[in-house]
Structure formats: structure tokens, C-alpha cells
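The block underneath contains the structure these notes are about, expressed in C-alpha cells.
The values are calculated or read from the model by the stated rules, or taken from the named source; none is laboratory data. Not measured: the values here are computed from a predicted model. Neighbour counts are summed over all protein chains in view; Cβ atoms, including those assigned to glycine, are modelled from backbone coordinates with ideal geometry. Accessible surface is based on the protein model in full, side chains and every heavy atom, while ligands, DNA and RNA are left aside. Shrake-Rupley method; radii C 1.70, N 1.55, O 1.52, S 1.80 Å.
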Amino acid sequence: MAAEDFPMKLSRRDFSRLGAMAAFAGVLPKVESQNADSEPAARKLRWCIVGLGRISMDHFMPAVELSKTGKLTALVSGHREKAEKQAAQYNVPSPSIYSYDNYDEIRQNKEIDAVYIALPNSMHAEYTIRAAKAGKHVLCEKPMATSVADCKAMIEACRKAHVKLMIAYRCQYNPLHLKAIELIRSGALGQVQAIESAFGFNIKAGEWRLNKKLAGGGPLMDVGIYSLNASRYLTGEEPGDIKANSSIIDHDGRFDEVEENDSWTMEFPSGIVASCNTTYGANGANYFKVHGSKGTMQMDPAFNYDGMHLTAQLDGQTIDEPEAEQDPRDFTRQADYFADCVWSNREPKTDGEEGLRDTMLMSQIYQSAGLRGL
Ligand code: NAD
């Protein structure tokens with residue numbers, strides 16, 4: 001991601017404007033998709049939710065309800081009863097509940113503009129490609145996929161179908177993360193020398209996240225990706241040299257298929273070195289720290305759904321900014337941003353190429369640690 005991709009002075013008012021822009025969608029260019037022939041004026045982006053797990057039900061679906069630009073119109077689930085309950089809650093008509101088997105029938109449903117894919121990681125590629133073939137825009141959860149080849153196939157399928165593909169890197173739409181980027185770009189920190197970041201938790205046995213086939217890998221794929229992605233958007237550079245180690249310390253059956261810990265360093269072209277850790281064996285770490293010639297900045301917690309906290313000690317300035325808005329605002333912002341991309345026919349900041357870059361880097365991290373790449 002190039003530095004210029006980031007809006008340098010994005011205020012809360014700018015975010016409100018994003019919503020307003022979507023409301024004026026009628027004056028913006030039409031999107032080349034199956035739905036382009038229906039009238040976009042004053043229309044909401046109509047979402048089909050694929051996978052009714054924690055992130056969908058606890059975060060994204062309530063966030064769409066709060067959004068001025070979105071509306072839930074369809075659900076895809078393997079559990080009909082659960083889907084019926086959610087459908088009743090969100091006024092989704094019964095015929096718009098699909099299973100994974102008849103998912104391709106969303107093509108015929110003119111009440112769906114976009115899908116939100118919140119399935120186990122290795123299923124992202126198949127359900128993105130099937131959505132693209134059905135003419136629907138795609139917002140896909142991170143990590144984009146479990147192989148570089150799958151990422152490339154997703155990008156190609158969406159390109160061919162003229163539908164948008166965005167990866168749900170919610171932190172890149174969070175005002176405090178944008179402020180952290182702005183502080184670096186404005187020179188307030190001076191020359192950045194180093195970044196530290198960590199994110200992890202103590203995982204329970206029985207999670208699909210511990211199944212290599214579904215998860216693709218361990219904590220790096222799930223939460224380490226936040227530190228990786230943050231190191232890239234904070235520096236605005238792409239890393240060159242990568243050195244990594246992986247380990248399994250707890251031989252209690254949880255880590256028979258994936259690693260428990262990953263630690264890695266990335267050297268960026270300017271000389272900045274990022275040191276990152278991720279774990280499935282310990283709770284607590286959730287931060288980034290940036291060391292510059294004029295001061296230090298940290299976000300702790302950095303990657304939570306809410307309660308993020310930015311502090312900085314700079315030459316002549318102290319910053320102490322807890323997050324003002326609470327979840328599900330981050331998810332609402334993300335949904336609104338995607339709606340704007342669809343209606344104004346522009347590429348999302350966190351497009352498929354962004355997801356592909358992280359996947360290639362995670363593959364390099366695994367290879368450096370002596371594991372199989374992605
Ligand atoms: P979850 O286990 O709560 O939900 C997964 C959903 O997939 C469930 O509805 C489950 O029924 C369905 N599913 C279909 N086939 C399955 C199979 N073979 N095995 C297991 N589940 C199957 O998971 P989640 O925490 O909601 O994560 C879903 C995706 O969202 C993951 O890719 C994860 O990385 C991502 N995620 C993103 C964030 C974020 O903040 N952006 C946070 C959490 C999770």
C-alpha cells in the first residue's frame with residue numbers, strides 16, 4: 001500500500017461525508033454488475049451475509065443495521081434454524097435464506113448487491129469466486145485466503161465479473177489508526193526508526209482456527225496479520241528482508257496442526273525495522289509502538305473492536321486519545337465505505353491486491369521460520 005493511498009487529514013466530519021456521498025449515489029456513475037440496470041438513486045447497498053458466526057452476528061450485522069447506506073436482505077448458513085431466527089430479527093424474507101449448497105442461486109436474487117464473507121479462512125476463496133460469478137460485489141473477511149494462488153483467483157474472478165472486491169481490514173478505516181498514520185506522515189515523530197507490535201490470545205481447544213485445512217496456519221493468519229498490516233500502513237512501505245521463528249511450547253493437543261507462536265522482523269527500504277509477535281498461547285498483547293527521532297507513539301489496545309487508545313510523547317506535545325466511538329461503529333464505517341466504492345465505482349483502499357500482499361508476506365514469514373509457505 002503506497003503512502004498516498006491514505007487520506008492524510010481524515011477527520012470525523014470526513015467520515016460523515018462518506019455516508020452522505022453514498023446517499024447521493026444517484027448522481028454517481030453506475031456499476032457494471034448484474035444490478036447496474038436497476039435504479040441506484042437513494043438505494044441502500046443490499047447485503048447477503050455468508051456465514052452466521054461471531055463476527056457476522058455480533059458485529060457486522062448490527063453494524064449494517066446502524067448504517068445509513070446498507071440493508072440486510074439475504075443470509076447464507078448451514079443451520080436453517082439459526083438463519084430463520086436471524087432473518088426474523090432483521091426482517092429478511094424466508095426465500096432469501098440460502099444454504100451453502102444453493103448459494104449460487106443468489107444470482108437470481110435482485111435484492112442482493114453485495115456479499116459479506118465471514119467463513120473459516122480457507123472457504124473465503126470459493127465463496128468469493130461464486131459470488132463474483134453471481135454478479136455480486138464482495139467484502140471478504142481477513143485473511144483474504146489461505147494461499148497466494150487463491151488470492152490471485154479471487155482477484156481475477158472479481159475483475160472478470162466487474163464486481164468490487166474489498167478485504168475487511170477494519171483498522172484501516174478506524175479514525176485513531178488514521179490519526180497514527182497522519183502523525184507519522186506529518187513528521188511529528190521525526191524519522192521513524194523502529195516499530196514493535198504484538199497481538200495474540202490463549203485459544204480454546206476445538207476451534208476451527210486450530211485446523212490447518214480451514215485456517216491455513218496458526219496465529220499469524222488470524223491475529224498476527226494485524227501487526228503485519230499495521231507495520232505496512234504505518235511505514236507506508238513494503239518490507240524487504242524478513243526473518244522469522246515459529247514455535248510450539250504447549251504440547252497439549254491444541255497445536256497438532258498449526259504453530260502456537262510466530263515472531264518476525266521486517267526491514268523496510270528506509271531502514272525501519274518492525275518486530276512483531278503473535279501467539280495462540282497467551283492473552284493480553286494487543287498493541288503497536290512506533291519509535292521516532294522526535295518521540296514515541298503507541299496504540300494499546302490497538303486491534304480491539306473498541307476501546308482503542310492512542311498515546312504519544314513528542315517534542316513539545318503529549319497526545320492521550322482514547323477512542324471516542326464504540327463498536328459497531330468501525331464495522332458501520334467499513335460497510336459505508338464499501339457502499340461508497342460500489343456506487344461511485346472506485347477501488348477500495350483495501351482491495352484484493354492488499355490482501356494478496358499480506359498473504360505473500362505471511363508465506364515468506366512461514367518459509368523463513370522453516371514452515372511451508374502459503
Ligand atoms: P466463527 O467460528 O464464529 O464463524 C464461522 C462461521 O462459518 C459459522 O457460522 C460456521 O457455521 C460457518 N462454517 C461453515 N463451514 C464451516 C466449517 N467447515 N467449519 C467451521 N465453521 C464453518 O468464526 P468468526 O470468528 O466469525 O470468523 C470468521 C472469519 O472472520 C474468519 O476468517 C476470521 O479471520 C474473520 N474475523 C475477522 C474479524 C475482524 O475483526 N475483522 C474478527 C473475527 C473474525
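When 229, 286, 245 are checked against the criterion of being in contact (Cβ under 8 Å) with a residue 40 or more places away in the chain and out of contact with any Ser or Thr (no Cβ under 9 Å at 6 or more places or on another chain), a single residue qualifies: 286. Take the conditions farther than 27 Å from residue 123 by Cβ and in contact with a helix residue (DSSP H, G or I) (Cβ under 8 Å, 6 or more places away or on another chain) and apply them to residue 275. Does it pass? It is false that residue 275 is farther than 27 Å from residue 123 by Cβ and in contact with a helix residue (DSSP H, G or I) (Cβ under 8 Å, 6 or more places away or on another chain).
Would you confirm whether any residue within region 146-153 is within 11 Å of the ligand (Cβ to nearest atom) and assigned to a loop (DSSP other than H, G, I, E, B)? Yes, the conditions are met somewhere in region 146-153. Given the condition under 13 Å from residue 174 (Cα atoms) and part of a loop (DSSP other than H, G, I, E, B), answer yes or no: does some residue in region 327-341 qualify? Looking through region 327-341, at least one residue is under 13 Å from residue 174 (Cα atoms) and part of a loop (DSSP other than H, G, I, E, B).
Picking from residues in region 77-100 that are surrounded by 17 or more Cβ atoms within 10 Å (Cβ to Cβ) and part of a loop (DSSP other than H, G, I, E, B), the one that is farthest from the ligand (Cβ to nearest atom) is 92. For residue 284, the conditions (1) of a type outside the set (A, V, I, L, M, F, W, C); (2) over 29 Å from residue 251 (Cα atoms); (3) away from the ligand (no atom under 16 Å from the Cβ); (4) at pLDDT below 95 all hold with the exception of (2). Take residue 52 and decide whether it is closer than 22 Å to residue 329 by Cα, touching a Pro at 6+ places or on another chain (Cβ under 8 Å) and assigned by TED's automatic domain parsing to the domain that holds residue 106. So residue 52 does not fit the description; no. Among the listed residues 179, 204, 243, identify the single one that is part of a helix (DSSP H, G or I), open to solvent by 20 Å² or more (accessible area, probe 1.4 Å) and in the same structural domain as residue 316 (by TED's automatic domain parsing). One residue alone meets the criteria, 179.
Taken together, the residues in region 247-264 that are crowded, with 21+ Cβ neighbours inside 10 Å and in a loop (DSSP other than H, G, I, E, B) amount to 4.
Across region 108-126, the qualifying residues are those that are near the ligand (Cβ under 9 Å from one of its atoms) and not in a helix (DSSP H, G or I), and the one among them that is surrounded by the fewest Cβ atoms within 10 Å (Cβ to Cβ) is 120.
Applying the set (1) away from the ligand (no atom under 14 Å from the Cβ); (2) surrounded by 17 or more Cβ atoms within 10 Å (Cβ to Cβ) to residue 103 leaves exactly one unmet item: (1). Which residues, counting only those in region 208-225, are open to solvent by 40 Å² or more (accessible area, probe 1.4 Å) and out of contact with any Leu (no Cβ under 6 Å at 6 or more places or on another chain)? If the condition is that a residue be open to solvent by 40 Å² or more (accessible area, probe 1.4 Å) and out of contact with any Leu (no Cβ under 6 Å at 6 or more places or on another chain), then 209, 211, 212, 213, 214 are the ones that fit.
Being in a helix (DSSP H, G or I) and either within 16 Å of the ligand (Cβ to nearest atom) or aliphatic (A, V, I, L, M) (or both) holds for only one residue in 184, 195, and it is 184.
All of (1) buried (at least 20 other Cβ atoms within 10 Å of the Cβ); (2) under 21 Å from residue 347 (Cα atoms); (3) more than 9 Å from the ligand (Cβ to nearest atom) hold for residue 129 with one exception: (1). Condition test on residue 313, is it in contact with a Lys or Arg (Cβ under 7 Å, 6 or more places away or on another chain) and either touching a residue at least 60 places away in the same chain (Cβ under 8 Å) or surrounded by fewer than 22 Cβ atoms within 10 Å (Cβ to Cβ) (or both)? Here the answer is no, as residue 313 does not meet what is asked.
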